[in-house]
Amino acid sequence: MPHVDTDEESQNEYVESWPKVCACGCSITEEQWESLPYVGVQKVPRELGIPDLELRNCKRCMSTLAVVVPSDFT
């Protein structure tokens, strides 16, 4: 079974920082994120200790970007 990090410090590793910057140089604020084309959610098994990711495409170059789905998201 993989090691699961449950301490607060390791969970802070998955806190998003804004703005997100795409490889093409496009800067995206948290407010702009919702307007990007939605791709889906990458689900990760809980036992891996990695959060799920929401995927959206950059409006400029169509690269797929990811942000952590908050643990309190329903």
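A short reminder: the numbers here are calculations on the coordinates, not readings from a lab. In this text the structure is predicted, and so the values were computed from the model without any measurement. Virtual Cβ from ideal backbone geometry, glycine too; neighbours counted across all protein chains shown.
Report the residue count in region 55-71 for those that are of a type in the set (Ser, Thr, Tyr) and either under 12 Å from Glu34 (Cα atoms) or in contact with a strand residue (DSSP E or B) (Cβ under 6 Å, 6 or more places away or on another chain) (or both).
1
If you go through region 24-69, how many residues are in contact with an Asp or Glu (Cβ under 7 Å, 6 or more places away or on another chain) and exposed (fewer than 15 other Cβ atoms within 10 Å of the Cβ)?
Summing the residues that are in contact with an Asp or Glu (Cβ under 7 Å, 6 or more places away or on another chain) and exposed (fewer than 15 other Cβ atoms within 10 Å of the Cβ) in region 24-69 gives 4.
If you go through region 24-74, how many residues are basic (Lys, Arg) and part of a loop (DSSP other than H, G, I, E, B)?
Count: 3.
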